[in-house]
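Step one of this worksheet: look at the structure below.
The values are calculated or read from the model by the stated rules, or taken from the named source; none is laboratory data. Nothing here was measured: the structure is a model prediction, and the numbers come from that model. Neighbour counts are summed over all protein chains in view; Cβ atoms, including those assigned to glycine, are modelled from backbone coordinates with ideal geometry. Just so you know, the surface numbers come from the protein's heavy atoms only, side chains and all, with ligands and any DNA or RNA stripped out. Shrake-Rupley method; radii C 1.70, N 1.55, O 1.52, S 1.80 Å.
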Amino acid sequence: QVQLVESGGGLVQAGGSLRLSCAASGRTFSSYFMGWFRQAPGKEREFVAAISWSVDRTYYADSVKGRFTISRDNAKNTVYLQMNSLKPEDTAVYYCAATVNARFLEAARYYGYWGQGTQVTVSS
């Protein structure tokens, strides 16, 4: 049974930082890409960042480039999202997800596994 469990969300002031974690279990993810998505109230789920388990390739949405960093620890089967210079518009539920489809990393519908989400709230 595949499980993706996010943690690290919380309330932070604008300009602050948070680090989200996603612990993966239940199968071998070496051929997968891991993605972070977010969904604010009344909005569609949007792509934030993605990383390959096996090669040093990372992908970011324009809105977070230069502020967020995605990384992984293969030994711990954990993916991280370091979020710096947070803005109120970053407020959302953040989800971790896994896909084998490298061509459509920004499309949520191609991800087969999802975590339960963690709330990030940035106050102004």
query = Per residue, how much accessible area does the chain show when a 1.4 Å probe rolls over the protein heavy atoms, in square angstrom?
reply = 52
key: Per-bin percent of Cα-Cα distances, the chain [5 Å]   = 2, 12, 24, 26, 20, 10, 5, 1, 0
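Determine the order of 73, 56, 90 by accessible area, beginning with the largest, at a probe radius of 1.4 Å.
Details: 73 45, 56 135, 90 0 Å².
The most accessible residue leads, giving 56, 73, 90.
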Residue-span extension gain [residue 109 to residue 17] - 0.36 nm each, minus C-alpha spacing = 30.2 nm
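Can you check what the net charge comes to around residue 51, using other residues whose Cβ is under 12 Å from the Cβ of residue 51 (Lys, Arg +1; Asp, Glu -1)?
On the way: positive: 57, 72; negative: 56, 73.
Around residue 51, the charge tally is 0.
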query = Carbon and sulfur together cover what percent of the accessible area of the chain at a 1.4 Å probe radius?
reply = 45
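Going through region 55-103, which trypsin sites (Lys or Arg not before Pro) have at most 16 other Cβ atoms within 10 Å and a DSSP loop state?
Working: sites: 57, 65, 67, 72, 76, 103; in loops: 57, 65, 67.
Of the trypsin sites (Lys or Arg not before Pro), the ones in loops of region 55-103 whose Cβ has at most 16 other Cβ atoms within 10 Å are 57, 65, 67.
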task = Name the residue, out of 20, 11, 105, whose mean-square fluctuation peaks in a Gaussian network model built on the chain with Cα pairs under 10 Å.
result = 11
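Net charge near residue 29, counting Lys/Arg +1 and Asp/Glu -1 over other residues with Cβ under 14 Å of its Cβ? Mind dumping the intermediate values first?
On the way: positive: 27, 72, 76; negative: 73.
Spelling it out: positives minus negatives among the neighbours equals +2.
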